[in-house]
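Structure first, commentary second.
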Amino acid sequence: MTTCLIGDCFTTADQIGTYCKVMKVFHFLSKEHGLQALKNQRLKVATINELNDPFELLAADLSNRNERRRFLAWKNEISKKIGFLCFSLDKQNPLLWSHYAQKHTGLALEFEVSDELVIPVRYRKSRQTLDLEAIRKKGGFSASLAERLGSTKFIDWKYEDEVRVPVDLTDCIKERHLLFQPFINVIDLVKVHAGPLCDISRSEVESQLPKGQKVTLHFTRTAFRSFAVVKQHRKKAIEIKGKCNISN
């Protein structure tokens with residue numbers, strides 16, 4: 001009985017046809033991990049059971065004990081198959097820099113991604129009510145309902161302005177207990193933004209970026225009239241060409 005809710009899962013990159021519009025998204029991380037991401041040209045995949053919100057995939061009203069067991073079994077089953085690349089649509093919110101970029105000392109990597117791959121996160125004040133019996137009779141969760149459950153969070157997370165790209169875990173690179181997704185499979189790196197307190201230099205980026213690859217390094221500061229992280233106009237952006245040999 002525990003598998004009767006599984007049905008279809010999320011739509012992942014390998015299931016998408018011709019790409020349409022391109023979105024700009026931002027991934028925040030520490031300077032150390034940012035440089036590693038540049039060198040290896042990949043991002044860490046967030047597995048569902050390791051995300052920082054215990055309500056992931058559990059946005060439904062689960063007050064019924066039997067339904068709760070089935071729902072948890074469904075979550076555990078999906079967690080073995082699907083992970084997420086997590087991004088924000090906002091690079092100015094200081095909370096993002098504080099929470100995910102090592103207290104403003106880290107980086108925000110700017111990517112372009114097809115909007116067909118992106119699932120926007122929805123924010124709610126209350127849990128959703130689902131007719132789980134009707135869902136079972138239809139063969140389990142449809143892909144669209146699974147995506148909705150996988151992209152619904154409590155409203156206090158709204159500051160993240162999050163979007164997600166689902167990733168098939170079998171397509172990931174496994175390194176120890178971590179999983180990674182190469183940029184080339186899903187996203188295109190276009191810029192690197194250094195946090196207001198980040199001491200990164202041209203040479204550090206050059207030495208980690210693969211030889212011949214180009215990226216623009218932008219600098220930021222805290223705003224003077226608002227609570228925002230904004231572009232540092234006095235410090236010009238730097239066009240950088242990588243010097244790192246892939247074999248290193």
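Looking across the range 78-103 at every residue that is more than 26 Å from LYS214 (Cβ to Cβ) and either touching a Cys at 6+ places or on another chain (Cβ under 9 Å) or aromatic (Phe, Trp, Tyr) (or both), the one that is most open to solvent (accessible area, probe 1.4 Å) is identified as LYS81. Only a single criterion out of (1) in contact with a Gly (Cβ under 9 Å, 6 or more places away or on another chain); (2) crowded, with 16+ Cβ neighbours inside 10 Å is not satisfied by ILE187, namely (1). Is it the case that the range 164-176 has a residue that's assigned to a loop (DSSP other than H, G, I, E, B) and either small (Gly, Ala, Ser) or under 14 Å from the mean Cα position of the chain (by Cα) (or both)? Looking for residues that are assigned to a loop (DSSP other than H, G, I, E, B) and either small (Gly, Ala, Ser) or under 14 Å from the mean Cα position of the chain (by Cα) (or both), one finds none in the range 164-176, hence no. Being on the phi < 0 side of the Ramachandran plot and touching a helix residue (DSSP H, G or I) at 6+ places or on another chain (Cβ under 8 Å) is a description that applies to SER88.
Within the range 26-36, one or more residues are out of contact with any Gly (no Cβ under 7 Å at 6 or more places or on another chain) and in a strand (DSSP E or B).
When you scan the range 195-207, do you find a residue that is outside any loop (DSSP other than H, G, I, E, B), of a type in the set (Val, Ile, Thr), under 23 Å from the mean Cα position of the chain (by Cα) and closer than 19 Å to GLN36 by Cα, even just one? Yes. Before we move on, is GLU32 closer than 22 Å to LEU145 by Cα and surrounded by fewer than 19 Cβ atoms within 10 Å (Cβ to Cβ)? No, not satisfied.
The values are calculated or read from the model by the stated rules, or taken from the named source; none is laboratory data. Computed from a predicted model, the values in this text were never measured in an experiment. No Cβ is skipped: glycine too gets one built from the backbone with ideal geometry, and neighbour counts run over all protein chains shown. Only protein heavy atoms, including side chains, enter the accessible area calculation; ligands, DNA and RNA are left aside. Shrake-Rupley method; radii C 1.70, N 1.55, O 1.52, S 1.80 Å.
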